[in-house]
1. Taking amide hydrogens as modeled 1.01 Å from N in the peptide plane, which residues meet the under 5 Å criterion relative to I50, leaving out close sequence neighbours?
2. Measure off 7 Å from each Cα along the Cα-to-Cβ vector at L45 and R83, then give the distance between these two points in nanometres to one decimal.
3. Could you sort 86-92, 39-45 so that the peptide with the highest average Cβ count within 10 Å comes first and the rest follow in order?
4. List, in order, the whole-Hz ³J(HN,Hα) value for each residue of the stretch 138-152 obtained from phi through the Karplus relation with A = 6.51, B = -1.76, C = 1.60 and θ = phi - 60°; use x for Gly and Pro.
Amino acid sequence: MKRSIDAAVKQAVCAALKAGKTKDEIQAVWPVSASAINHWRRDLLRRGLILPLPGGSTPLPQREAGYAALLAGVESRAEIAQRLGVKTHTVQAWAQDLIRTGRMARPLRSRSLAQERGSSVKRQPVPCLACGVTFFYRYTGIFHDDHLAQIERLCPDCFSAFCARQQMPEPSDRRPRHFEDEDEEDDDAEMAD
């Protein structure tokens with residue numbers, strides 16, 4: 001038989017969840033089952049009223065090692081997961097945490113770029129000159145760090161901000177020559193008719 005819960009208790013538990021209280025802290029104060037708390041937490045998460053609990057069940061030193069490896073950008077997420085003994089989706093969740101908190105830039109998709117060129121595109125971690133965030137510089141052939149221009153050392157977010165600050169050239173009244181030639185031919189054809 002399903003036990004009914006007073007609306008005031010549910011409101012109080014939801015307020016406690018929004019305040020970041022744990023399940024044990026809530027159960028110590030209100031007579032509510034763990035499954036009800038989990039259900040309400042999932043509902044609040046789905047509606048975007050609370051954030052996921054930080055860290056999950058992975059031990060802190062292991063999680064911090066994963067964060068450091070992600071920020072270094074040398075290993076793939078699968079390699080990090082294998083080295084730390086966690087699942088790949090756990091490393092993916094850590095990366096999303098770093099992106100959400102602004103500690104890591106959102107990576108670009110390199111798979112489509114490799115397919116377009118028909119060759120393998122390699123990635124090299126490079127620190128951004130503007131913000132210091134490590135991002136992947138994509139290249140083919142041999143990587144030469146000393147050949148990178150300053151504009152190539154900007155992460156995608158800083159590059160977008162740089163482009164937004166640039167002045168657009170003033171439009172000129174002069175049209176390119178190939179347009180002028182076409183207009184003259186059109187005018188000649190109209191006069192002949």
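1. The list, which skips near neighbours in sequence, is L45.
2. 2.8 nm
3. Ranking, from highest mean packing down: 86-92, 39-45.
4. Using θ = phi - 60°, the values come out as 9, 8, 10, x, 10, 7, 10, 4, 6, 8, 6, 6, 4, 5, 7 Hz.
Every number here is computed from the coordinates shown, using simple stated rules; none is lab data. The model shown is predicted, which means the values in this text are computed figures rather than measured ones. All Cβ positions, glycine included, derive from the backbone under ideal geometry; neighbour counts span all protein chains shown.
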